[in-house]
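Novice: Dropping a structure here in structure tokens format, bear with me for questions.
The values are calculated or read from the model by the stated rules, or taken from the named source; none is laboratory data. Just so it is clear, the model here is predicted, and its values are computed rather than measured. Positions of Cβ are backbone-derived with ideal geometry, glycine not excepted, and every protein chain shown enters the neighbour counts. For accessibility, only protein heavy atoms count, side chains too; no ligands or nucleic acids. Shrake-Rupley method; radii C 1.70, N 1.55, O 1.52, S 1.80 Å.
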Amino acid sequence: MIQEIAASQWQETHRNLLSAGYVRFEFLTAAHLTENNFEIYSRVSTADLADFVLVKTNISDSVETLIEIYPAAKFHEQETHQMFGITFENHPRMEKAFETDFGGNPLRRDFALITRQATNWPGAVEPDEKAKRRPSLPPGVHESWSS
Amino acid sequence: MEHKSIALHPSSCTSCMLCVRECPDWCISIEAHSEPDLESPEYSNSRRPSMKNVLDKFTINFGDCMWCGICVEVCPFDALFWSSTEIEPKPTAEHLILDQTQLTKFLPGAIRNDGTSAPQENDPPSGRRKK
């Protein structure tokens, strides 16, 4: 079952789900939609895995933490923070989930893929060199990324 | 339909670059050149001869490919097909870059989306795909 809720009901919905028997916290993740608009998802299930609920909501850049309700959310929230730069309010350890020197939030849309910058796009080839066309650019790659 | 490899019918390919540009993994590459189209009816009575692209090299890097099938869907000239022929294990990642001769070998197990079988190596180009 999928529940779409308002961001203000994020904690309340999970508290109700826990008391309704959804005791397993399975995962929490997000999707970067536009510049300052994220969709955040959590999935909880019953102890026998027979039933689950996927909760999703739209947030701008921060949301309340779930660790008072589901302690298992702690790591997932840290991971989502590292990958997307979303802040979870009142989280006791809002740091990187994975220790690394790698900076940035790699799952954000504005994060430049290093491999794409280092690789030549095969689609730039024009079989007919005399045909005058505007050079085509790789889809989904920001113009400023190519150096 | 089994999706085990992607087959190419080289004589159908017009080097239009659509598959190369649509591939999200950038795993297809085409080397081609253009030359005057001698068979074109306008060739002899026009000041600028019509040109056609000639395919020199077509490769798919199956180390990068994620089997999304966008190239098969996007090809308007019926040159790319899903095939039920499995890609054999290779010693290194470079060996997974298959060129047109190797991709043609997948044609015997290849079928179109509508279930009809794909053209074989020596068949003539089937032209623009009918929608």
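Novice: Determine if region B:101-110 includes at least one residue that is among the hydrophobic types (A, V, I, L, M, F, W, C), in contact with a Gly (Cβ under 8 Å, 6 or more places away or on another chain) and buried (at least 16 other Cβ atoms within 10 Å of the Cβ).
Specialist: No: region B:101-110 contains no residue that is among the hydrophobic types (A, V, I, L, M, F, W, C), in contact with a Gly (Cβ under 8 Å, 6 or more places away or on another chain) and buried (at least 16 other Cβ atoms within 10 Å of the Cβ).
Novice: Just to verify a result, which residue in region A:33-53, among those that are β-branched (Val, Ile, Thr) and within 15 Å of the chain's Cα centre (by Cα), is least open to solvent (accessible area, probe 1.4 Å)?
Specialist: For region A:33-53, the residue satisfying everything is A:Ile40.
Novice: For region B:3-18, which residues satisfy the criterion of being in a helix (DSSP H, G or I) and either small (Gly, Ala, Ser) or closer than 17 Å to A:Leu137 by Cβ (or both)?
Specialist: Those that are in a helix (DSSP H, G or I) and either small (Gly, Ala, Ser) or closer than 17 Å to A:Leu137 by Cβ (or both): B:Ser11, B:Ser12, B:Leu18.
Novice: If you don't mind, there's one more thing I want to ask. Take B:Val74 and decide whether it is farther than 15 Å from B:Ile97 by Cα and more than 11 Å from every other protein chain (Cβ to nearest Cβ).
Specialist: It is true that B:Val74 is farther than 15 Å from B:Ile97 by Cα and more than 11 Å from every other protein chain (Cβ to nearest Cβ).
Novice: Anything in region A:75-90 that is in contact with a helix residue (DSSP H, G or I) (Cβ under 8 Å, 6 or more places away or on another chain) and surrounded by fewer than 18 Cβ atoms within 10 Å (Cβ to Cβ)? List them, or say none.
Specialist: The one that is in contact with a helix residue (DSSP H, G or I) (Cβ under 8 Å, 6 or more places away or on another chain) and surrounded by fewer than 18 Cβ atoms within 10 Å (Cβ to Cβ): A:Thr87.
Novice: Identify the residue in region A:110-133 that is over 21 Å from B:Ile97 (Cβ atoms) and over 25 Å from the mean Cα position of the chain (by Cα) and, among all such residues, is nearest to the other protein chains (Cβ to nearest Cβ).
Specialist: Taking the candidates together, the pick is A:Asp128.
Novice: From the list A:Lys56, A:Lys96, pick out the single residue that is open to solvent by 70 Å² or more (accessible area, probe 1.4 Å) and more than 14 Å from every other protein chain (Cβ to nearest Cβ).
Specialist: A:Lys96
Novice: If a residue must be open to solvent by 30 Å² or more (accessible area, probe 1.4 Å) and either away from chain A (no Cβ under 14 Å) or in a loop (DSSP other than H, G, I, E, B) (or both), how many such residues does region B:27-42 contain?
Specialist: 5
Novice: Then there's this: Considering only residues that are open to solvent by 80 Å² or more (accessible area, probe 1.4 Å) and in contact with a helix residue (DSSP H, G or I) (Cβ under 7 Å, 6 or more places away or on another chain), which ones fall in region B:111-123?
Specialist: Across region B:111-123, the qualifying residue is only B:Glu121.
Novice: Name the one entry in B:Pro89, B:Pro108, B:Pro124, B:Pro49 that is within 14 Å of chain A (Cβ to nearest Cβ) and more than 12 Å from the chain's Cα centre (by Cα).
Specialist: When all the criteria are applied, what remains is B:Pro49.
Novice: Still on this model: Could you tell me which residue of region A:134-143 is farthest from the other protein chains (Cβ to nearest Cβ), considering only residues that are surrounded by 12 or more Cβ atoms within 10 Å (Cβ to Cβ) and closer than 30 Å to A:Glu39 by Cα?
Specialist: Once the filter is applied, the top-ranked residue is A:His142.
Novice: I've got another one for you. What pairs come up if the first residue lies in region B:75-99 and is open to solvent by less than 70 Å² (accessible area, probe 1.4 Å) and at pLDDT 90 or above, the second is in a loop (DSSP other than H, G, I, E, B) and aliphatic (A, V, I, L, M), and their beta carbons are under 7 Å apart, counting only those six or more places apart or on different chains?
Specialist: Final answer for the pair search is B:Phe81/B:Ala118; B:Trp82/B:Met1.
Novice: If the requirement is being open to solvent by 50 Å² or more (accessible area, probe 1.4 Å) and touching a strand residue (DSSP E or B) at 6+ places or on another chain (Cβ under 6 Å), which of these qualifies: A:Ala72, A:Ala30, A:Ala20?
Specialist: Every option except A:Ala72 fails the conditions.
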